[in-house]
Structures are given as C-alpha cells and as structure tokens.
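So the structure is just underneath, and the comments pick up after that.
The values are calculated or read from the model by the stated rules, or taken from the named source; none is laboratory data. Predicted model, so just to flag it, every value in this text is computed and none were measured. FYI the Cβ positions are ideal-geometry reconstructions off the backbone, even for glycines, and counts take in every protein chain you see. Only protein heavy atoms, including side chains, enter the accessible area calculation; ligands, DNA and RNA are left aside. Shrake-Rupley method; radii C 1.70, N 1.55, O 1.52, S 1.80 Å.
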Amino acid sequence: MQLPRLGVALRHASFEMLRDWIFAHDRTIEIQDFVFPDVIAGDTGPLVETWRKALDGHKGIRGIHGPFFGLDLSNPDREIRQVMQRRFLKGLEIAEALGADQMVIHSPFNFWHTLNYVNYPDIRRSLFDASADCLQPVLQRASDTGCTLVLENIDDTAPADRFDLVAEIDHPNLKLSIDTGHAELAHQNYGAPPLVDFIAASKDRLDHVHLQDVDGHADRHWHPGEGCILWAAVFGALRASESDPRLVLEVRSELERLPATVARLESLGLAN
C-alpha cells in the first residue's frame, strides 16, 4: 500500500503551535482531551466548542482517543460494564460533534491472560463474551454515527487475541489499532512477537497505528528515531499490510518538534 500522510495525536493545549503545519497539508488529527474521567464525565460542551472553532477550515481526517482510565472491556461485572458503555457512548457523541470518524479504545488482554489460558481454560471465552457484551450498544451507536472503534494493544502479548475478538464480533465499525511502543515493550519484556509480527497478524482489520518510540523499558512515547524501534522494518511491514491504516504520531513531549520529525522520516523515504 501507499503510506498515508502522517497525522498527529494531541490535546488542545498543544494545537496552536502546530496549527499552521497541520492545516498546510490538512493532516489527520486525533484529539486526546477526552480520555480523562473528570473531563468526559463532566460538561464537555465548552471544550467541544473550543475544538470546533479551532478546527474551522481543517479538511483533514479527524479521530478521537476514547476514555480508557480504569475501563476494562472484559470486566465480569455487568453493572460496571454499563458505566463503561455510558463513557464510550459519550465519546461517540463528542466524535460526532467534532466530525471525527474514528475512536481509539483499549484492549482488555494482558500477559497474565497469555500465561493462564491453559491454567484457566474458560478465561479466554469469558473475556470475549464480556467484551462483546460491553461493546454491543456502543457499536450500534457507532454504526449510526459513522464512527469506527479501533482496539489498541496495551499489555497484549498475543496479537491473535485482539484479531480473534474483532473477527468474532465481526462488526464493520470495529477494527484494530497498533501502538508501536506498546508492541515493542511486550516483545522485549514479555517475549511477545516482534512489532512487525503484530502488524502482520492484524491482516485486513488494521485501521489505525500510533507511532511512538521506546527504549524497551517503559512507555516513553518518544519521537520515532529516539528509541530502539527499527522504523525501516515497521514502515516496510505497513506497506506490505493487507490494510490501509491511519498513521498517527503519538509523542508525549516536545510536540513542537513534530514537523522536523516528520520531515526526517520523509527524507529517509519512510513516510509521506
């Protein structure tokens, strides 16, 4: 595939410094202000309106990162899942108001699960059933608003878990996301497959990628090239992918350097 132009994940506080760069090429934006519990549970109207004004004239693709703190799709308690459903539905409401057609949510799978699928034979089935139940009304609403949920790897060590869950639910508004740093950490710390294998294992369901670099120890969210990820191999795997995912730089600090980071990746022939 031809790689799409790189987009950027950011909060409103960082938007103004990058506005001209974003607007010059109508780059993809992933809005991340609404991940925090106190924000999404409160009156989001003023912040949504602030973003609407800031994005006036932007013709690029938009997405949001949905809420995730303390939210486990596979929570066995139905009443707790109902709280999560309300949060996700609020996220879809915000996405619709901002003209966003994608919302990132977090995977429920972790290394403990991988280690204990044999020890607890019913656990994988219970994880799948609870996650599907949690997402059922959310996906119905996502279909109505034209928003796709993308399931991002967090502590995942078995790429097949997310793929199998999404394939089993088999809803057109549920696809996969890969965070490059999370996959690299799982590989180095837990013996998970390499990052490029996470990409390959997503097959035709990969719709979104967070690009960030790490040192193999912690979730750094450094600019690509500052850690240990082999970016030529990563972009090669993305070009060979069966999918056409949205590529979004998700760095934690010094966002003002993103134009230079993207220019460097472009000069190396790694990105558009």
Against the condition surrounded by 22 or more Cβ atoms within 10 Å (Cβ to Cβ), over 30 Å from residue 215 (Cβ atoms) and aliphatic (A, V, I, L, M), how does residue 183 come out, does it pass?
no
Selection from segment 56-66 of residues under 14 Å from residue 23 (Cα atoms) and either buried (at least 20 other Cβ atoms within 10 Å of the Cβ) or without any contact (Cβ under 8 Å) to a residue 12 or more places away in the chain (or both) yields 56
Per the list (1) part of a strand (DSSP E or B); (2) open to solvent by 20 Å² or more (accessible area, probe 1.4 Å); (3) not aliphatic (A, V, I, L, M), residue check on residue 177 breaks on (2)
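Could you tell me whether any residue of segment 183-198 is closer than 30 Å to residue 98 by Cα, touching a strand residue (DSSP E or B) at 6+ places or on another chain (Cβ under 6 Å) and free of Cβ contacts under 8 Å to residues at least 60 places away in the same chain?
If we filter segment 183-198 for residues that are closer than 30 Å to residue 98 by Cα, which is where we start, we get 183.
Filter again for touching a strand residue (DSSP E or B) at 6+ places or on another chain (Cβ under 6 Å), leaving none.
No - not one qualifying residue is present in segment 183-198.
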Exception for residue 111 within (1) open to solvent by 80 Å² or more (accessible area, probe 1.4 Å); (2) touching a residue at least 60 places away in the same chain (Cβ under 8 Å) falls at (1)
*Could you tell me whether any residue of segment 156-168 is over 21 Å from residue 219 (Cβ atoms), touching a Phe, Trp or Tyr at 6+ places or on another chain (Cβ under 7 Å) and either of a type in the set (Phe, Trp, Tyr) or surrounded by 21 or more Cβ atoms within 10 Å (Cβ to Cβ) (or both)?*
yes
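May I ask you to list the residues in segment 147-174 that are assigned to a strand (DSSP E or B) and without any contact (Cβ under 8 Å) to a residue 40 or more places away in the chain?
Pass one, segment 147-174, residues assigned to a strand (DSSP E or B): 148-152, 174.
Passing the criteria: only 174.
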Among (1) of a type in the set (Val, Ile, Thr); (2) more than 30 Å from residue 191 (Cα to Cα); (3) touching a residue at least 12 places away in the same chain (Cβ under 8 Å), residue 39 falls short only on (3)
Here the qualifying pairs (Cβ atoms under 7 Å; residues six or more apart or on different chains; first in segment 125-142 and within 13 Å of residue 77 (Cβ to Cβ); second assigned to a helix (DSSP H, G or I) and not basic (Lys, Arg)) come out as 134/84; 134/85
Within segment 67-97, residues under 15 Å from residue 29 (Cβ atoms) and crowded, with 20+ Cβ neighbours inside 10 Å come out as 94, 95
Query raised in the report: Is there a residue in segment 119-134 that is within 25 Å of residue 4 (Cα to Cα), among the hydrophobic types (A, V, I, L, M, F, W, C) and buried (at least 20 other Cβ atoms within 10 Å of the Cβ)?
Result: no
